[in-house]
Amino acid sequence: MTGTVVLDVDGVLLLGGEPIAGSGEAMAELEAAGLRLVVATNNATRTPAYASERIARLTGYRLDPSRIVTSTMAIGRMLRPGDEPVYPMAEPGMAETLRDGGVAVTGDPAAAGTVAVGLDRSFDYDRVTAAARAIHRGARFIASNTDATFPTPQGPAPGAGAMVAAVATASGVTPDVAGKPHRPMIETVAPLLADGPVWMVGDRPETDMAFAVAAGWTSVLALSGVTARASDVPAGLEPALVIDRLADLPALLAQLR
Ligand SMILES: [Mg+2]
């Protein structure tokens, strides 16, 4: 079997700090069937190396960091001359990933060519003030993603979109968005794809199903994250395939051969 399975992380492989049952075994089965696995996560707080380590520790399946794409890497692709240095309003993984990609980063909002906003669990009034003022002064505003929430075992937690909305409201500027379902993320994932069909597995219709539609890939909705029922999916984003969890995918794809 040839082709690529692009995997979301939160709600597909993991839920908060816990694995979704069978996700590690499913990844091993998909790879054994000849499919290439690529992870595409909007989570901007972690480097690919850290994400690889975390997925391995929790699911037992180790995916090389070179097969992991984060929305921060898509931010790097969007930068034009004059957009650097970047002031990250996000957790430290964003600055580390940008630097690894050769992007100049600053901790001084007054020096920023770009303000990049991502999930920030230390989010506070002073950070919004610094980010909005830099944008007022002319810095470009890029959002890692606009996901409203991410799933945890205790229920949805505020996602990057909640922080992006605060900065957008305070600055009066609408950001350019890097992550799924937007073009920069498609362009960042594309070089990693194998020949053949592409299946995009995710739990969030407006992020993952829209990403599949925009890229021309087959959408697979996993009901193990923020979406409990396929009937909850908004019109226009209906998935091609629905699975309860990733563990169901190897058998389903084998049937389609
Ligand atoms: Mg997800």
Checklist entry - So Leu119 fits all but one of (1) of a type outside the set (S, T, N, Q); (2) outside any helix (DSSP H, G or I); (3) in contact with a Lys or Arg (Cβ under 8 Å, 6 or more places away or on another chain); what number is the exception? => result (3)
Checklist entry - Is there a residue being buried (at least 16 other Cβ atoms within 10 Å of the Cβ), of a type in the set (Gly, Ala, Ser) and within 29 Å of Ala254 (Cβ to Cβ) anywhere in the stretch 78-91? => result no
Checklist entry - Does the stretch 94-110 contain any residue that is under 20 Å from the mean Cα position of the chain (by Cα) and more than 30 Å from Val173 (Cα to Cα)? => result no
Next on the checklist: Being closer than 24 Å to Ala247 by Cβ, without any contact (Cβ under 8 Å) to a residue 40 or more places away in the chain and either in contact with a strand residue (DSSP E or B) (Cβ under 9 Å, 6 or more places away or on another chain) or of a type in the set (A, V, I, L, M, F, W, C) (or both) is true for just one of Leu63, Leu35. Which residue is that?
Outcome noted: Leu63
Checklist entry - Can you find a residue in the stretch 244-255 that is in the same structural domain as Glu18 (by TED's automatic domain parsing), surrounded by fewer than 22 Cβ atoms within 10 Å (Cβ to Cβ) and within 16 Å of the ligand (Cβ to nearest atom)? => result yes
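Residue by residue, here is whether (1) in a loop (DSSP other than H, G, I, E, B); (2) within 16 Å of the chain's Cα centre (by Cα) holds:
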| residue | (1), (2) |
| --- | --- |
| Ala162 | no, yes |
| Ala166 | no, no |
| Thr174 | yes, no |
| Lys180 | yes, yes |
| Thr188 | no, yes |
| Pro191 | no, no |
| Asp195 | yes, no |
| Glu206 | no, yes |
Next on the checklist: Can you find, within the stretch 214-241, the residue that is surrounded by the fewest Cβ atoms within 10 Å (Cβ to Cβ) among those that are part of a strand (DSSP E or B) and within 15 Å of the ligand (Cβ to nearest atom)?
Outcome noted: Ser219
Checklist entry - Restricting attention to the stretch 149-167, which residues are buried (at least 20 other Cβ atoms within 10 Å of the Cβ) and touching a Phe, Trp or Tyr at 6+ places or on another chain (Cβ under 8 Å)? => result Gly159, Met163, Val167
Next on the checklist: touching a strand residue (DSSP E or B) at 6+ places or on another chain (Cβ under 6 Å) and modelled with pLDDT of 95 or more: is that true of Ala139 in this structure?
Outcome noted: yes
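Residue-by-condition table, conditions (1) closer than 18 Å to Asp208 by Cβ; (2) not assigned by TED's automatic domain parsing to the domain that holds Tyr87:
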{"site": "Ala139", "(1), (2)": "no, no"}
{"site": "Ala148", "(1), (2)": "yes, no"}
{"site": "Thr152", "(1), (2)": "yes, no"}
{"site": "Pro156", "(1), (2)": "yes, no"}
{"site": "Gly159", "(1), (2)": "yes, no"}
{"site": "Ala170", "(1), (2)": "no, no"}
{"site": "Ile186", "(1), (2)": "yes, yes"}
Next on the checklist: Quick check on Ala210: is it touching a Lys or Arg at 6+ places or on another chain (Cβ under 8 Å), within 15 Å of the ligand (Cβ to nearest atom) and more than 18 Å from Leu13 (Cα to Cα)?
Outcome noted: yes
Item to check | Of the criteria (1) assigned by TED's automatic domain parsing to the domain that holds Ala251; (2) touching a residue at least 12 places away in the same chain (Cβ under 8 Å), which one Glu53 fails | outcome: (2)
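The values are calculated or read from the model by the stated rules, or taken from the named source; none is laboratory data. The structure presented is a predicted model; accordingly, all values stated were derived computationally and were not measured. No Cβ is skipped: glycine too gets one built from the backbone with ideal geometry, and neighbour counts run over all protein chains shown.
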